[in-house]
Each structure stands twice: as C-alpha cells, then as structure tokens.
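J.: Have a look at this one.
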Amino acid sequence: MDNCKTAINTTLVQPCDNKLLDSFPPLLNASTELDLTAPPSDALLKNKKTAWIQVAGQPGTFAPAGPNTIWKKRMEKENHETKTYQALMGESLRDVVPKFYREIEYQGEYFIEMEDLLQRFSDPNIMDIKMGKRTFLELEVKNPVLRKDLYDKMVMIDPDAPTEEEKKQEAITKLRYMQFREQENSTADLGFRKIRMSGQPPNTNLKKTKRKEQQVAEVMLSFFKSQMSPLKSLLTRLIEIRDKFENSIFFKGHEIIGSSLLIVYDEDSCNAWMIDFAKTFPVDTGLTLDHRTSWEIGTHEDGYLSGLDNLIQIVQNIVDGKFGPDLGVANDNS
C-alpha cells in the first residue's frame, strides 16, 4: 500500500497492485444528487467517518477508495481537473481543496484519488453551491450557427422569451440559449446558483417577490438550524478561501466554470472547500483574470470571486443580524 501512495502528484499512474485495486468497491449510483450513500463494505459501514456523498455531477462518479480517500471518475476526455489539483497542491490554495493523491487508469477508465473530506465529520450536514456567473466555456458557444432545436427549447420554457427577430427566424445561437438559461436562474446575478443540501432537491430558483439575498439567508439559516457558531466558522473560512484565491497565480490564468463550494458541518466543527475543476481551462497567453469583471466573449471572466464576495456578505449579514427578526436567528453567541 505504501508503494502505491508514492505516486502522489504524477499525471498518470498504473495500478501498483491489481489485487489491491480489485478489492476496492465498485462505482455506485446515487439515487439523488445529495443522498448520503453507505459504501458496500462491512468495515466501512461501521465507521460513519468513511460515509461518502455524490455532491454534484453524474451518478456513479464517486466511490470510496480507502479509509480516507475517494475515487472520482474522470468524465471528460482531457484531464483538466487532474492538472488543476496538481497545480493547486503547489499553492496556498492546497489548504482549501481536497488533497490530491494521483490519477489512475483502471480497467480502461481514469480516476482521481483524493481526500475524502467527510471523514473529518461524525454526522455531516452537506451543502453544495455552484459558483460563478457563467455556466459554459467560451469554446462551447463560439459557433454562430442559428439552431431551431434551441429556439424550440427556449419557447417550451418561456414562450415570451424570444425577440421579434428570433420569432421570425425560429432559431437562435447556442450562446443566446445558454444566456437565456442563466437568466432563468434567479440567483445567477449573485454569482452563484444551485444551492444543494443533503436529502433535499437543488434550490435553483427563488421567489421574485423577495430580495434574493434574504432568500439565500433563509436557506443558509435553515441549513445551519439558525446556529450562529458554525455560521461564524463558515464566514472565517470563506474569507480565507477568497484571500488565497485572490493571491493564486494559477487562477489568474484559468477560467473556472462549474466549480462548487462544499460546505460541511456537524456538532463539533464547520468547514468549506473548493471542489469540481473539470471545466477549469487555461486562457490565452497575455490574459489575466480577476474573476469579477463582467464577461464578454474573449475576456474569459467567470464571476467566481463576485459570487464569493456576495456569499461572504450574506453570511456576514446573517451573523450581524441584519436580515430581520422574521428569519428566526438564534441568539447563539457561542
């Protein structure tokens, strides 16, 4: 086992011992995006710290690999996520992402072995927040071809969405469709979306009759059961993540799309990490991103830090009691 672990930070590692790898549990399918799933092993079942979760993405993406690690299946052909983890292990951001061990090829498929963050907790409550204002890579929307299928999809969602010109053409570009979908998400302008919590469906749209910030605060208070202690810990951690992100050389030259913040707490502690880097791509030479500037084609700006700024402000306001008594903030000064 120790010989296998020496493969840390290599781009691709062949299995050190096929017999050992054959003993790893197979990939599992989660019934919902955030349902806790117990590993198929009596030894693991007896230890709650090794419980694992598929926080986001496609079913069958994660599997337990050992007492403190998980395997994440590489869904994309390119290994951008592996390269991101490898790069971040050399920056101060290594403290706010799962520890990366290796990428491994097994039975013709590729997996990333990384730290199981949930092993730190006894009975974890889990939240996943998709970060950023843009959900698509620039290379995905450069094609200017007008598409009737995307127009039809738009009309099915909102018959009033197409402009008069689009109605005449009965076709739109992929860029137009993707921007339309983003506008449908009522928290998109805050720089984050799809707040998921364990055991609950994703919260993607908020009521338009209330301030979005207040509704996010209500979701956060519900998740934390109005306890101030873990919220204060979260605030400190989010500020730390922002500080390290702002000083990252790597992220000055990479757009980060579809990444999440994973927030976990139990009765003893609360923590948060950056996860999901499959769509973290290098930008053109000479470009420097600040992750706050409004996006236009060619800038590659993604709004990640804008979202983090807003999330930090919302949590700060909760801690300061600025969202009103109707939210039922607990007077927990611990």
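The values are calculated or read from the model by the stated rules, or taken from the named source; none is laboratory data. In this text the structure is predicted, and so the values were computed from the model without any measurement. Note that we place each Cβ from the backbone using ideal geometry, even for glycine, and neighbour counts take in every protein chain shown. Each accessible area value is taken on the protein alone, full model and side chains, heavy atoms only, with ligands, DNA and RNA left out. Shrake-Rupley method; radii C 1.70, N 1.55, O 1.52, S 1.80 Å.
J.: I'd like to check something: does the stretch 75-94 contain any residue that is touching a helix residue (DSSP H, G or I) at 6+ places or on another chain (Cβ under 6 Å), within 30 Å of Lys168 (Cα to Cα) and either of a type in the set (A, V, I, L, M) or without any contact (Cβ under 8 Å) to a residue 12 or more places away in the chain (or both)?
T.: Checked against the condition, which is being touching a helix residue (DSSP H, G or I) at 6+ places or on another chain (Cβ under 6 Å), within 30 Å of Lys168 (Cα to Cα) and either of a type in the set (A, V, I, L, M) or without any contact (Cβ under 8 Å) to a residue 12 or more places away in the chain (or both), the stretch 75-94 yields no hits at all.
J.: Any chance the stretch 135-153 includes a residue that's free of Cβ contacts under 8 Å to residues at least 40 places away in the same chain, open to solvent by less than 50 Å² (accessible area, probe 1.4 Å) and outside any loop (DSSP other than H, G, I, E, B)?
T.: Within the stretch 135-153 (the criterion being free of Cβ contacts under 8 Å to residues at least 40 places away in the same chain, open to solvent by less than 50 Å² (accessible area, probe 1.4 Å) and outside any loop (DSSP other than H, G, I, E, B)), the answer is yes, since at least one residue qualifies.
J.: Before we move on, is Val145 within 26 Å of the chain's Cα centre (by Cα), closer than 27 Å to Ser294 by Cβ and among the aliphatic types (A, V, I, L, M)? It would help to see each step written out before you state the result.
T.: Numbers: within 26 Å of the chain's Cα centre (by Cα): no; closer than 27 Å to Ser294 by Cβ: yes; among the aliphatic types (A, V, I, L, M): yes.
Spelling it out, it is not the case that Val145 is within 26 Å of the chain's Cα centre (by Cα), closer than 27 Å to Ser294 by Cβ and among the aliphatic types (A, V, I, L, M).
J.: Related question: Filter the stretch 251-287 down to the residues that are β-branched (Val, Ile, Thr) and open to solvent by less than 10 Å² (accessible area, probe 1.4 Å), then identify the one that is modelled with the lowest pLDDT.
T.: Per the stated criteria, the residue is Ile257.
J.: Considering only residues that are assigned to a helix (DSSP H, G or I), touching a residue at least 12 places away in the same chain (Cβ under 8 Å), charged (D, E, K, R) and open to solvent by 50 Å² or more (accessible area, probe 1.4 Å), which ones fall in the stretch 154-175?
T.: Once the filter is applied, which keeps residues that are assigned to a helix (DSSP H, G or I), touching a residue at least 12 places away in the same chain (Cβ under 8 Å), charged (D, E, K, R) and open to solvent by 50 Å² or more (accessible area, probe 1.4 Å), the stretch 154-175 yields only Lys174.
J.: Among (1) touching a helix residue (DSSP H, G or I) at 6+ places or on another chain (Cβ under 7 Å); (2) over 22 Å from Val264 (Cβ atoms); (3) open to solvent by 30 Å² or more (accessible area, probe 1.4 Å); (4) not β-branched (Val, Ile, Thr), there is one condition Asn68 misses while meeting the rest; what is its number?
T.: The one condition Asn68 does not meet is (2).
J.: Within the stretch 241-263, which residues are of a type outside the set (Ser, Thr, Tyr) and within 13 Å of the chain's Cα centre (by Cα)?
T.: Within the stretch 241-263, Ile256, Ile257, Gly258, Leu261, Leu262, Ile263 qualify.
J.: Follow-up question, since we're still on this one. For the structure I just gave you, tell me whether Gln183 is part of a helix (DSSP H, G or I), in contact (Cβ under 8 Å) with a residue 40 or more places away in the chain and of a type outside the set (D, E, K, R). Give the steps one after another, and end with the answer.
T.: On the way: part of a helix (DSSP H, G or I): yes; in contact (Cβ under 8 Å) with a residue 40 or more places away in the chain: no; of a type outside the set (D, E, K, R): yes.
Here the answer is no, as Gln183 does not meet what is asked.
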